[in-house]
Every structure is written in C-alpha cells, then in structure tokens.
C-alpha cells in the first residue's frame, strides 16, 4: 500500500526543494536519481541515456533557439522603438490612447518574437518614462506594460507553445493556430479595460497634446507609417504565414524568422559585430537553460512513471469520482498557484508530463488543453511574488515606481486573463475552431 504513496512523496519532495530555492535542473535530476537508486533497480537507469537522446534529437525543439534568436535580434534592430512611437502618436487623442498603443505594440512584438523578457524590457525602457511624464498613473502604466509584454506567451510564435507541444506530444502548428483567437481576444479585452478606465478616471490616462499630434501628422506621415508597420508585418507573415498555410513546419518557420530578423536588423543598419555577439550569447544562455532543465525533467518523468505514478494518479481520480472537468479545474488551479512560486519552464516539465496521460485517458482534446495551459502559464509571469515580467519591468523602471505600484497595477489584467480562461473552459470552440477550419 505504501508504494501507492511513493510517487506522491517523490513529487512533493521535488516541489518543496524547488520552493526552498535549489536550482531547477539539478534538483530535477538529483532527486530523480536518489529515488531511483533507493526504490528501483540500478539497471533501470540504462533507459535514461536513450530517453535523453530521444529528447535531444526532437526536431521540434530546434525551433527554441531559433525563436529566441529571432526575438533578441529584433529587439536590437530598433524596429520596436519606432513602432511604439508611431503607434502612440497615431492613437494619442483617444482616451487612454497611449496605454492602448502599448498593448497593440505588445501584440505585434509577441507575434514577431515570442520572447517575453526582451519585449517587457524594451517596452519598459521606451514607454514607461513617456507614460509617467504624460501624467499616467503608475499602476496603469506598469500594469499595461507588464501585461502587454507577456502576450508572447499565448500569441504565436511562442516558445511556451513549442515546449508544450513537445512535452504533450501534439502538433506545435495546431497549438499555434488554436492560440490565435484567445490571444487576439485577450488583446481586445485589455483595450476595452483601458478605454473604460480612461473614461472613468481621465486624469490618470490623459491624451497627447494637439500640438504634438499636428507635428506628427505633418510631412512624411505615410512614409513613417509604412516603415513602422511593414517590417514587423513582414516578419509575422514570414513565420506564421508559412506555418498556417502548410508551407513550412514550425522549426523551418523559426529558421525563416531568424533569417528575416537578421535581414531587418541589417536594413536598419544596426547589425554590428558587437550586436551579433550579444545576440548569440543571450540565445546560447537561454537555450542552454531550457535544455538542461529538459534533461532533468526527462529523468523525472522516467522515474515517476517507473514508480507507477500515472496509475496512482488515475486510480485516485477514479476513487474520488472526479469528472473530466473537475480534474481539469484542479489542474488549472494547481498550475495557477504554482505560477506564484516557480517559472513556467519548470511547470511545463514537472506538471505537464504527469497530467497529460490522464487527460488522454479521459478522452479530452489535448490541443484545447494545451491552449488553456498556455493561457494559465501566462498568468505566472504576472502574479506576485515571483512574476518574471514584474522583475523585468522593475529592473528598468524609474526609482519612483515601487514594487507596490507593479503589484496593484497588474491585478485587473490578471483578472481579465482568468475570466478569458474560464470562458475558454466552457466554450472550447474559442481554441478549437481555427485549427479545424484551416484543416
């Protein structure tokens, strides 16, 4: 009977050690080896090299460094800065127009890069001082920037989607397509909230002066608009268009995106040896971090299944008479709470391999489940105390912006995400419509 509790003890030991601050990759691998040596045959570890080699040779995962490279390179190109300035002046006279322009630019950058850290830092450096100077409240300014910067979690091409597709063994292209409508829906809900907020509290979201708008709309307006919008759109079409229309796989499209981002940086005359070196170093660092964690997660998954973890979980669900939707609610709540404390990569590699076989047993649509998980993981970037977007933004914010401003500002946007998540649970077609239509 005690053997039934062994997988749960394994899982809880790992979770507690992570909360205590031990490195993720080495904790995953180390705890797995200790439990394997104590409770399994040593010969069992002969399977581990084959599992790791199978993971490392997964062609889909090649897209991870390519998407990261694409995002970091685009951030260095200066295109984001011009896009933000142009959008802000274009929407400057609308109530809350500056905040709305930040959200729209965040959506464009999400569809261009999919790298959250680079987007949040870029938009924080460019727009936060401007919003504060123009009289925006610190809460609205920081909340808007942090939430818009994390749209890259749900709007494809998303590194989260690539990792989810690999772990859940489903098509990354299908996940990308399923995330389009929820991603755009989230953008619309953000815009509606900012517009209503600006109507109710106009002193906290003032419009840009008529004089600035008049200067902007002077000579060369259409040329500026063309240069600001056409380059990001070209990148989006080169990546997402090639996937959605079946021209390229996600991995091939990532390669195209990396090349186009490099060409755009060249066209802006920003590609230097120093920039290229910085992009390569950052790409290598982020990719190495993901893959070292992935190796540890592979060991964790192997030992957990060898201990009968899947069977124990399924039996507990049956004995508790949980319906598929009740189990889904527990998983979503668990991921949301885990996001308070640990990173989305850790959640993907620890939680998802455990629950995916159960979703399969319950005959639930994995593409829909993957989209729900991606949207839920997005909240982990925003929720205190360890929301990574909040850390990124605080790192580049002026001294007068406190952590309290960040925490208060993000609350409405987290509630919007949770509302959309609940709506997607009750109306799965929001996620499943586009993949079925395009097929």
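As a summary of the residue check, residue 37 satisfies the conditions (1) surrounded by 22 or more Cβ atoms within 10 Å (Cβ to Cβ); (2) over 22 Å from residue 158 (Cβ atoms); (3) at pLDDT 75 or above except for the one numbered (1). Only one of the numbered conditions (1) free of Cβ contacts under 8 Å to residues at least 40 places away in the same chain; (2) farther than 30 Å from residue 308 by Cβ; (3) in a helix (DSSP H, G or I) is not met by residue 378, and that is (1). Looking at (1) under 21 Å from residue 296 (Cβ atoms); (2) touching a residue at least 40 places away in the same chain (Cβ under 8 Å), can you tell me which one residue 54 breaks? Unmet for residue 54, out of (1) under 21 Å from residue 296 (Cβ atoms); (2) touching a residue at least 40 places away in the same chain (Cβ under 8 Å): (2).
At least 1 residues being at pLDDT 80 or above and under 22 Å from residue 233 (Cβ atoms) is the threshold, and among the helices (runs of 4 or more DSSP H) wholly inside the stretch 49-165 those reaching it are 63-77, 97-112, 138-149.
Yes/no per residue for (1) surrounded by fewer than 16 Cβ atoms within 10 Å (Cβ to Cβ); (2) closer than 22 Å to residue 58 by Cβ; (3) at pLDDT below 80:
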{"residue": "264", "(1), (2), (3)": "no, no, no"}
{"residue": "271", "(1), (2), (3)": "no, no, no"}
{"residue": "281", "(1), (2), (3)": "yes, no, no"}
{"residue": "294", "(1), (2), (3)": "no, yes, yes"}
{"residue": "301", "(1), (2), (3)": "no, yes, yes"}
{"residue": "308", "(1), (2), (3)": "yes, no, yes"}
{"residue": "315", "(1), (2), (3)": "yes, no, yes"}
{"residue": "318", "(1), (2), (3)": "yes, no, yes"}
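Residues checked against (1) within 30 Å of residue 422 (Cβ to Cβ); (2) in contact with a helix residue (DSSP H, G or I) (Cβ under 7 Å, 6 or more places away or on another chain):
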{"position": "287", "(1), (2)": "no, yes"}
{"position": "295", "(1), (2)": "no, yes"}
{"position": "300", "(1), (2)": "no, yes"}
{"position": "311", "(1), (2)": "no, no"}
{"position": "330", "(1), (2)": "yes, no"}
{"position": "353", "(1), (2)": "yes, yes"}
{"position": "362", "(1), (2)": "yes, yes"}
{"position": "369", "(1), (2)": "yes, yes"}
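The values are calculated or read from the model by the stated rules, or taken from the named source; none is laboratory data. The model shown is predicted, which means the values in this text are computed figures rather than measured ones. In this analysis, Cβ positions are derived from the backbone assuming ideal geometry, glycine residues included, and neighbour counts consider all displayed protein chains.
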